[in-house]
Amino acid sequence: MTETTTTRPWRGCVFIGVSLDGFIARPDGELSWLTDPPAREHAIAAASADTPAAPAPALEWETFFPAIDTLLIGRSTYETVLTFDPWPFDGKAVVVLSSGLVTDDERVTVARSLDEARSILTDRGARRVYVDGGQTIQAFLAAGLIDEVTVSIAPVLIGQGRRLFGDLDRDVLLSLRGVHATPDDGLVRVTYDVIPATVGP
Ligand SMILES: NC(=O)c1ccc[n+]([C@@H]2O[C@H](COP(=O)([O-])OP(=O)(O)OC[C@H]3O[C@@H](n4cnc5c(N)ncnc54)[C@H](OP(=O)(O)O)[C@@H]3O)[C@@H](O)[C@H]2O)c1
């Protein structure tokens, strides 16, 4: 529970879209509310040179993804990615977290537990790990294995689905690094650094 970047060589990073009410997918995994939303207008003031103390922008996919060497994804997210054509992770190592998945997919390595995933990432020299999937992000956050979080908040409430965040046995403190909004889709994107937990008394 007290893991910090000083005890492992890689950074755990999250970059994910979420509805305003905290869901990353509908109960059946459906995602069109995020990927193909109905058109509507969003009133977002354009940044201007005379805006005082404008905050730094959040990370963008175009700069985040190329800097990633490894993906660590939950089995459910892996099953979604298998429906994508082409495979979106060429050139990246991919570790799938699953207690039971049996696969001959040579593009991925299966980790049976959080501890095994952590060992694989370290042994294989991962430096910047993209952790994806709700349950998987929750497990990594609870274990102190996430260092930065970028969340793209979609302007929609979907009422039910798979949650991005879950129960914790302690607070996770975050430090705001950047934020911006995009007028075409009304997304508000926020990047936080996770403040490492300190060893308790
Ligand atoms: N909105 C977005 O940007 C976004 C991003 C990514 C994914 N998604 C969507 O979100 C959904 C997936 O999220 P999810 O929360 O349902 O699942 P997930 O985290 O992708 O996968 C859950 C599975 O991962 C394995 N797992 C998780 N923690 C584990 C642990 N500590 N030890 C061993 N195995 C563990 C388990 O697999 P086993 O049951 O095999 O043991 C578990 O059932 C999909 O519909 C996906 O398309 C959305």
Examine segment 120-141 for a residue that is within 15 Å of the ligand (Cβ to nearest atom), more than 28 Å from ARG26 (Cα to Cα) and touching a residue at least 12 places away in the same chain (Cβ under 8 Å), and state whether such a residue exists.
yes
Exactly one condition in (1) of a type outside the set (Val, Ile, Thr); (2) more than 10 Å from the ligand (Cβ to nearest atom); (3) in contact (Cβ under 8 Å) with a residue 12 or more places away in the chain; (4) closer than 24 Å to LEU31 by Cα is false for ASP90; which is it?
(3)
Could you grab the pairs with beta carbons closer than 6 Å, sequence gap of 6+ or different chains, first residue in segment 94-110 and within 14 Å of the ligand (Cβ to nearest atom), second one of a type in the set (Gly, Ala, Ser) and in a strand (DSSP E or B)?
VAL95/ALA111; LEU97/GLY74; LEU97/ALA111
Working only within segment 147-170, note down all residues that are in a strand (DSSP E or B), touching a helix residue (DSSP H, G or I) at 6+ places or on another chain (Cβ under 8 Å) and among the charged types (D, E, K, R).
ARG162, ARG163
Conditions: (1) more than 8 Å from the ligand (Cβ to nearest atom); (2) surrounded by 16 or more Cβ atoms within 10 Å (Cβ to Cβ); (3) outside any loop (DSSP other than H, G, I, E, B). ALA117 meets all but one. Number of the miss?
(1)
Conditions first: (1) in contact with a Leu (Cβ under 9 Å, 6 or more places away or on another chain); (2) under 25 Å from PHE89 (Cα atoms); (3) away from the ligand (no atom under 16 Å from the Cβ). ALA197 passes all but one, so which condition is the exception?
(2)
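Where a number appears in this text, it was derived from the coordinates with a stated rule and is not lab data. These numbers were taken from a predicted model, which means no experiment stands behind them. Backbone-built Cβ (ideal geometry, glycine too); neighbour counts: all protein chains shown.
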